[in-house]
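Rule-based calculations on the coordinates, nothing more; no lab input. Just so it is clear, the structure is predicted and the values come from calculations on it, not from any experiment. Here Cβ is always computed from backbone atoms with ideal geometry, including for glycine, and neighbour counts include all displayed protein chains.
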Amino acid sequence: MSLSFLKKKNSPIWERIKHDDITRLRLKYDTYYHIFDHQEGTHVTKDGKEYVMLSSNDYLGLTHHPKIKEAGIEALKRWGSSTTGARLANGGRTFHRELEEELADFVGKESCHVFSAGYLACASSVTGFLGRKDLVLADKNLHSSLWSGIKLSGAHCERFAHNHPEHLREILEAEDPETGKAVVLEGIYSMEGHIARLPELNAIAKEFDCFTILDDAHGFGVLGREGRGTADHFDLTDQMDVISGSFSKSLSGIGGFVTSSKEAIEYMRSHSKQTIFSAALTPVACACARAALQVMQDEPEHRERLFKNLSRYLSLLKELNLDTWESEAPAVPIVLGEKEKVYYFWKALLEKGIYSIISIAPGVPPGKDLIRTAISGAHTDEDLDRIEEGIRYAATKI
Ligand SMILES: Cc1ncc(COP(=O)(O)O)c(C=O)c1O
């Protein structure tokens, strides 16, 4: 019998794993990776206690929509669990093409490609187009998927101050006009809830001949006509070269997309490692996204309810003088500025049966330690009453 399990593990990597402070503190305070044993709409249960979910990205509250569930079940029966292959190889099916056509049409672009995660899609919206000789102008507060894409592309990167057109201009003025340049933005910034200053940023990008990439994971389904997104909201869809997004927010699913011209999407299919070397979106995920896209268009009441709920929630936070970082979207941070305060606020919410998420530096800029909350169209008046009670109570603890 091999006794290899008794061998001393002496690699420096094992040393690092054993003595990692981030993991030690995470486990000590038990703030992340919770497992719920039941979910029903906006309610989740853990160890016999029920919570109102106040941090999900299910903005339109569609996770339990009967039409979406039915579409997923039918797809599973008809197509099985997976196509077990990359799109480039053997993984493509007619349902991918149908979803891509519908999404392209909805966003207002010529063509689309879908991925098995929003993270892959948004990373690919950069790696699919840029290379080592290019320059990326990146908003300082971009999502990790975009930083991964930027890093993998090998392009040189300059960061500009968050949502700051004049800083973008300053950087561009100092750059070589001959270099291929791309400006990478989010439509709604996921942590802050800020809407991109798209008209000004786009005007500067165009003045300096930049390619424009917009990750609209949080704007899609929320802003624009019927939820077509941030570019549509500003009537700038034609101006964005690439628009990417995720199915795990307003569409209540899993997966992601990149839209652009036909030529650009075919180019991306040749160059993006995220599509060439990763298996295709599953039949169930594809069918659920398609059904959700249809529900979004047929049932505007979910969005209406979202904005009604948001308005009540923001009034409460304002009344309590809580700092929401000027969020303009359903993703609403409560900035408390110190990790201890964030921890006690979060614990107090848990005590009252409200589930939120902690985000502390370096995940957010120093001094911006916050509780990340998000409002859903599925929150009922009773949920909002409970949220109000919880927030009022938590505010007394800091
Ligand atoms: C701005 C942004 N882009 C991309 C993603 C990745 O999407 P997904 O979680 O669906 O993989 C997220 C997820 O939070 C996001 O906030």
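Among 259-266, 70-77, what's the highest-first ranking by average C-beta atoms within 10 angstrom per residue?
Numbers: 259-266: 18.4, 70-77: 15.8.
Packing proxy ranking, top to bottom: 259-266, 70-77.
Out of all Cα-Cα pairs in the range 21-76, roughly what percent, to the nearest whole number, are more than 17 Å apart? Don't jump to the answer; show the numbers that get you there.
Working: 868 of 1540 pairs.
In whole percent, the share of Cα-Cα pairs in the range 21-76 beyond 17 Å is 56.
Mind putting a number on the dipole of the chain about its Cα centre? Charges go on the C-beta only, +1 for Lys and Arg and -1 for Asp and Glu, and I need it in Debye to the nearest 20.
On the way: 48 positive and 58 negative charges, 403 e Å.
Charge dipole of the chain: 1940 debye, to the nearest 20.
Using unit Cβ charges (K, R positive; D, E negative) and no other charged atoms, how large, in debye to the nearest 20, is the dipole of the range 66-298 about its Cα centre?
Numbers: 24 positive and 32 negative charges, 245 e Å.
Charge dipole of the range 66-298: 1180 debye, to the nearest 20.
Given a cut-off of 31 Å, what percent of all Cα-Cα pairs of the range 66-298 lie beyond it? Don't skip to the end; give the middle numbers.
Values: 4941 of 27028 pairs.
Across the range 66-298, Cα pairs with separations above 31 Å total 18 percent.
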* Would you work out which of Val52, Ser124, Thr42 lies farthest towards the positive end of the dipole of the range 1-132, given +1 charges on the beta-carbon of Lys and Arg and -1 on that of Asp and Glu, about the Cα centre? => Ser124
* Express in whole angstrom the spacing between the alpha-carbon centres of the range 168-208 and the range 302-318. => 30
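For Glu186, what is the net charge nearby, where nearby means another residue's Cβ is under 9 Å from its Cβ and Lys, Arg count +1, Asp, Glu -1?
Net of charged neighbours comes to -3.
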* Protection proxy ranking, peptides 109-122, 344-357, 273-286, average beta carbon neighbours within 10 Å, highest first -> 109-122, 273-286, 344-357
* **Cross-link table Lys151/Lys273; Lys140/Lys181; Lys18/Lys339; Lys133/Lys273, entries beyond 21 Å C-alpha to C-alpha** => Lys18/Lys339
* **Furthest towards positive pole of dipole, Thr275, Gly180, Gly80, structure part the chain, Cβ charges** => Gly80
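Mean separation of Cα pairs under 8 Å and 6+ residues apart, divided by the residue count of the chain: what relative contact order is that in percent? Mind showing how you got there, number by number?
On the way: 774 pairs, mean separation 89.8, N = 398.
Contact order relative to length: 23 percent.
How much of the DSSP bridge set in the chain is antiparallel, in percent, rounded to the nearest 5?
On the way: 27 of 46 bridges.
Antiparallel: roughly 60 percent of the beta bridges in the chain.
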* **Principal axis box of the chain, alpha-carbon based, largest edge first, Å** => 64, 56, 55
* Structure fact -> Quick calc of log₁₀ I(q)/I(0), the range 57-201, Debye, one scatterer on every Cα, no solvent, q values 0.13 1/Å, result -0.77
